[in-house]
Structures are given as structure tokens and as C-alpha cells.
Amino acid sequence: MTPSIVVESATKRFSLRHAHSIREVTIRMLRRQSRYERFNALDGVSLVVEQGTTVGLLGLNGSGKSTLLKLISGVMRPDAGRVRVRGRVAGLIDVGAGLHPELTGRENIFLNAAILGMGEPEITKKFDSIVAFAEIERFLDTQVKFYSAGMFMRLGFSIAVHTEPDVFLIDEVMAVGDPLFRVKCREKLRALRAEGMTMVIVAHDIPLLKELCHRGVLLAQGRVVFDGDIDRAARLLVESRTAPIG
Amino acid sequence: MTAVRPAVPELVEPGRTGGLAQVLRHRYLLRLLVRRELKARYQGSVLGLGWSYVRPAVNFSVYFLMVGVFLKMNRNIDYFAIYLFSGMVLINFFTETLHSTTRSIRGNAPLIRKVYLPRELFPAASTLVSAVHFVPGLLILVVGALATGWTPSLVGAAAIVLALAVIAVLGLALGLLCAAYNVFFRDFEQVIDILNIVIVWSVPMIYPWMVVRDAVPDWALDLYLASPLVTAVSLFQRAFWFPAAARPFELPPHLFTNGVISLAGALLVLGLAQYVFSRKQRRFAEEL
């Protein structure tokens, strides 16, 4: 098997900055106070994801799941270690981050799809399919700021799944949207999985993870504490909610 | 089970690509970003893009009335309106570029935190939006200059191109630097806005450069004339105003030589700015 994602002892330190303006920086420097507070969001995490597998990232809040996704997507760079990815990475990291409220649905499809890495011919080709999946035909030329939360999320999801990336990152998106569309999303993800797409999913919805993932990785305080069977990972997570591990 | 993807791409570190070369590769996205900014800015406003005519028009009228008529500058300078306006459109282009590029990264924080894109795209898009706003002013300037009996010439055209190149390259270069620093120091944009007030008066646009020559020591004059902004504005005046002006007026010495040196300097700053930006942008996502 060819690996799609290779994370080699990646460490990400966050510095919580106390000073955000020139005034604050000056005051803190004069008083010789520290301007930073450091902590490790990820601490020597290694992970290899083979092509075509779906991995669920589990962990309590603040365990480093989202940070790991951001390292894989390239939004953040590791302070130590190395992250490598094969092919196009696209993410459902906060649906609709690229949707602009003042633009219409149609304009947003082109803009957001381009942001996710599609070119003009590709977008034109997939346009109808994106619209149909999002079920926004009637509101295509309405500004997105008038969309309901459900429509907004449907549009964002639809554009993202049509990117056809090699690696698909999904962060806490199934929590929103109406139940009917959630079922549709789930089916779409299952179809993508069957097509052999590599996916990394972060969700608190354990039944969903059990259904979709081949493998579960449990993180605690920035370290991998379990990597293997998804059911076992889910059970460990439930246990850790009552008795913290790590 | 279908679709085993045919070509297997190499394992690469994500987020490694960058630089202005990447902006050229993302031309389509750049175009959409520019369109978005233009649309979003004027959406729901009565005049729409017309505002980019109104602002310079009011700005111009105030200066013309106060400095030209009341302070009698139009007695010293033939066609003071053209003199003033040729400097003003160019400097507005520059200050607006600085203003908007400085905010371009913070303004797109939600996107930068979530999706990896070459971050140079945002300052580049802001620069292009300023360029779009600059066009109406330039057209008015051409009409005005033609009305005063101006005839286009090859030397004039060269001056225009050189001045525009200096302003655009320098604007983008400083914009990249300011955008990066504004991520780390949130009040950087205030500093830039104050600087913009100074910039307007640091060029011979409301007054002739000779008043500086007659008032300051030689070294200060050399410093003043070394400013690429002074050179660019003088080049624009050389192109649009100087040929039709009847009264004797000296242009700053070695104008074209200084223009070429300014452009070379601006390109150097652009290279430096790109390097600093590419290092700073690694921490953008966590700082925003």
C-alpha cells in the first residue's frame, strides 16, 4: 500500500501571546515580563495513513485533533518533525469558511471552489452537480447572507465534496444541518470511502465514526495514546471521559 | 471499489509553496478575489463603483479651492488643476494600496485559519483592487490634460509607465511587509494610516518642489529628491502637465535616471518583502 499521509514525530508548540499591540509589547518589555506562554498542542505525533483508508481522530477537547488536521492541510507548519501528504488535500474544516455573505450562491460556488483548488473548467463542469447536491437551485442568484444556516452549510459541504481531493479532511461538520441532509452527507462520505478516497475525520459523533472509519486514533494531551481498531478507540474515549488518561 | 488513481503524486510537505510566483499560478483565483472585493465593497451602496469617482473629486475640489484659489497657487503654476490632479491620482493609488494591503491578511483571517492558500494572494488582490480604483482617475486626468492642449508623446508615455511601475512595485512590496507585521501587531494599521497623511504632503503635488529647494539645506533636498514617490509624482507631472504649461518651470534634475534607480530599488525591496513575508506567514494561522 502507498501511504497518503506521513506524519513523523510532529510537534506543534503554541505560544499564547499576551501582547497584541505595540503598546502592550513595549510595556511588557520594559517590565521584563514574558510576552509568551508556550505549550505543546502536539507532542511527537507519528501517523501513517495508507491510501484509501478512513481514519477517525478521537480525543477530548484540546487533545490536538484539530491542530493535527491543520498540520496535514498545510495551514500550520510543525515546529519539529515532518508532515508529508500525497496529492491534493481539501478540507471540510469549518464549512463555509470561504463563503462570502455579500456574494450570490453562484458567485460563491466559483470563488469557494477556486479557493479549494479547482480551476475554471473543472468548476464549470461540476457546477450543476454542486447546485443539485446542495439543493439551492431556487436561491442560486440570491446573496448568501440571506441563506438559512442549513442552506449555507449544504452549499459549503457540496462544494467541498466536489473538490475530489486525494486526501479529504473533515472536522466537526456533521454537527450542523438538518437531519435529512445529514443522512445525505453520510451517504456521500460512504460513497467517497468506497471510491478509495483517503479521509481523516474528526467528530464527537461516535456512531458516525464507527460507521465510516477503518481505524481510530485516540489523542490525549497532544500525544497518540491509541492507534488501531475504531471500536476499541471509541471505547477508550468513552472511558477517558470519566477517568482521564495520558 | 473503483478508482485507483492513475498517477501517484509525490509525498510533499503541505504549505511549503509560496511566493509571488504562486500568485501567478493562481491567476483565476486572484481574479475572483479581486472581483469579490470590488463587489463586496460597493454592494448595496447607491453609487456603487461611482464612489471611486466621488472621493477623489471631493479631495481634489478641496485642495484646488483652498491651495489653488485662496492661497493663490494657480498664479505660480499654470494649469494648477492638472498639476495637482496628476500627482493626486498617483499618490491616492499608493496610499490606498498601503491601506488595503495592510489589512488584507487580517481581513481574510477566517479563510487563512482554515484553508491553505499562498497567502501572497491577498495583498496582491488588494493591490489590484487599488489599481482598478485608479483607472477612473487616470481617465479624468487624460481628459483634463487634453482640454489644456496636451498632446501625448513618446517621452510622456515612458514617464507614465515608469512612474506607474515604481508606485505599483513599491506599493505591493511595502504592502506585503505591512500585511505580515499587522498580523503580529494589531495596531500596525493605525501607524500606516497616519503615515499616509504624511505621504500626501511629502511629494510635490500641492506645492512645487522648488519651495523645498529654496527652504532646506542641500543634504535635505537630496534626501527629498531621492524619494521614489517624489520621482514618480514628478514623472507623472512631466507626462501630463509639463508639456502644456507655459510658465517656466524646472522639473527635478535627472528625472528619468532617478526613475530607473527608484524602480530598481523598489524591485529590491519587493524581493526582500517577499522573503520576510514568506517567513512570517508560517505563523499566520495561529496568530490570527
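The values are calculated or read from the model by the stated rules, or taken from the named source; none is laboratory data. Computed from a predicted model, the values in this text were never measured in an experiment. Cβ: placed from backbone, ideal geometry, glycine included. Neighbour counts: every protein chain shown.
Of note:
- Residues in the range B:237-261 that are assigned to a loop (DSSP other than H, G, I, E, B) and under 18 Å from residue B:83 (Cβ atoms): 9 in all.
- Residues in the range B:176-207 that are surrounded by 17 or more Cβ atoms within 10 Å (Cβ to Cβ) and charged (D, E, K, R): B:189 alone.
- Among the helices (runs of 4 or more DSSP H) confined to the range A:146-233, the ones with at least 3 residues that are modelled with pLDDT under 85 are located at A:149-161, A:179-194.
- Only one of the listed residues (B:34, B:23, B:12) is modelled with pLDDT under 85 and within 14 Å of chain A (Cβ to nearest Cβ). That residue is B:12.
- Condition check for residue A:87 on (1) crowded, with 20+ Cβ neighbours inside 10 Å; (2) at pLDDT below 90; (3) within 12 Å of chain B (Cβ to nearest Cβ): one failure, at (1).
- Which numbered condition residue B:96 fails, given (1) buried (at least 21 other Cβ atoms within 10 Å of the Cβ); (2) free of Cβ contacts under 8 Å to residues at least 60 places away in the same chain; (3) within 14 Å of another protein chain (Cβ to nearest Cβ): (3)
- Residues within the range B:215-233 that are of a type in the set (Ser, Thr, Tyr) and touching a helix residue (DSSP H, G or I) at 6+ places or on another chain (Cβ under 6 Å), tallied: 2
- Any chance residue B:260 is aliphatic (A, V, I, L, M) and under 15 Å from the mean Cα position of the chain (by Cα): no
- Scanning the range B:69-80 for residues that are in a helix (DSSP H, G or I) and surrounded by 19 or more Cβ atoms within 10 Å (Cβ to Cβ) yields a total of 2.
- Filter pass, residue A:102 being at pLDDT below 85 and within 8 Å of chain B (Cβ to nearest Cβ): yes
- Any hit, the range A:57-66, residues being more than 19 Å from residue A:223 (Cα to Cα) and not hydroxyl-bearing (Ser, Thr, Tyr): no
- Members of the range B:103-114 that are within 14 Å of chain A (Cβ to nearest Cβ) and touching a helix residue (DSSP H, G or I) at 6+ places or on another chain (Cβ under 9 Å): B:105, B:106, B:107, B:108, B:109, B:111, B:112, B:113, B:114
- If you check B:166, B:211 for being aliphatic (A, V, I, L, M), away from every other protein chain (no Cβ under 14 Å), under 28 Å from residue B:252 (Cα atoms) and surrounded by fewer than 21 Cβ atoms within 10 Å (Cβ to Cβ), only one passes: B:211.
- Members of the range A:105-141 that are surrounded by fewer than 17 Cβ atoms within 10 Å (Cβ to Cβ), within 13 Å of another protein chain (Cβ to nearest Cβ) and touching a strand residue (DSSP E or B) at 6+ places or on another chain (Cβ under 9 Å): none
- Remark: pairs (first residue in the range A:191-205, at the interface with another protein chain (Cβ under 10 Å from one of its Cβ atoms); second residue in a loop (DSSP other than H, G, I, E, B) and among the basic types (Lys, Arg); Cβ separation under 8 Å; 6+ apart in sequence or on different chains) = A:196/B:5.
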